[in-house]
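For reference, the structure is listed below as structure tokens.
Bear in mind these aren't lab numbers, they're just calculated from the coordinates by the rules spelled out. In this text, all values refer to a predicted model and were calculated from it rather than measured experimentally. In this analysis, Cβ positions are derived from the backbone assuming ideal geometry, glycine residues included, and neighbour counts consider all displayed protein chains.
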Amino acid sequence: MKIPTTLKHKPVIVSENYENVDGRNAYNSDAKGLSLGLAQWNDRGKIDISAKVWRFTGEKWSRQSEELPLHRVLDLAILICRTTSHFREAYRYERLYDPQKPVIDRVGLQGDAMTVAVCTDNPMLDGDIQLFRQALSNDDELIGERLSTLSRLLKEMGY
């Protein structure tokens, strides 16, 4: 399925077969494509690149399609990496984290740091963190494959 090029987001680089590799939803996904292009929120004279997940309901392109600035996509990748790393060792804690130290990491970015922490404000945290760990474990192969690919590509690029 072709990604539309007449909408506000202007695709430049596309993956139009994303539905075939969308994790557990592969071959049965409403996320039909990914694109990198000119952001829909661009103001006159200001150009930003964004990443977009294109969803299709079966009848029309969905309003649930998501567009993110590239740095946020990378920030999400960093968050996934730190979270995955934490849960590899979380079994050491009775509640899967240290309630005295809920901050997992502070990742330095742009002169400050992105805090990665367990959400202790969640009133259902004890149950939710167990479910989260199980879901992360269930998707270990899917996530691991993508992290390995990302690692290889970053090494090829000199990072």
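One table, with the values for the structure above:
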quantity	calculated
Tensor-based shape of the range 71-156 (alpha-carbon gyration tensor, a/c under 1.5 rounded, otherwise prolate or oblate)	oblate
GluC sites (Glu not before Pro) restricted to the range 1-94 and DSSP loop, no more than 11 other C-beta within 10 Å	Glu59, Glu94
Percent RCO, i.e. relative contact order, over the chain, from Cα pairs under 8 Å lying at least 6 residues apart	11 percent
Nearest-ten-degree value, helix 70-89 long axis tilted from longest Cα axis of the chain	30 degrees
Point-to-point label distance, Ser148-Glu66, nm (Cα→Cβ direction, 7 Å offset)	2.5 nm
Inter-probe distance in nm under a simple model that places probes 7 Å from Cα toward Cβ, at Ala113 and Asp30	4.0 nm
At most 15 other Cβ within 10 Å, DSSP loop - chymotrypsin sites (Phe, Trp or Tyr not before Pro), the range 25-104	Tyr27, Trp41, Tyr93
Label-to-label distance, nm, for residues given as Leu38 and Ala77 (7 Å Cα→Cβ offset)	2.5 nm
Global size of the range 18-88 as Cα Rg and Dmax, reported in angstrom	14.7, 46
Which of Ala135, Leu76, Gly45, positive extreme of dipole for the chain (C-beta unit charges)	Gly45
Helix 125-138 vs. the chain, principal-axis angle (Cα, 0 to 90°, nearest 10)	60 degrees
Val12-Glu94 FRET efficiency (beta carbon distance; Förster radius 41 Å; 0.05 resolution)	0.25
For the chain, calculated [θ]222 nm from helices alone, where every DSSP H run of n ≥ 4 adds -39500 (n - 2.57)	-11000 deg cm²/dmol
Point-charge dipole on Cβ atoms (K/R +1, D/E -1) for the chain, about Cα centre, debye to 20	520 debye
Rg(Cα)/(2.2 N^0.38 Å) for the chain, N = residue count	1.22
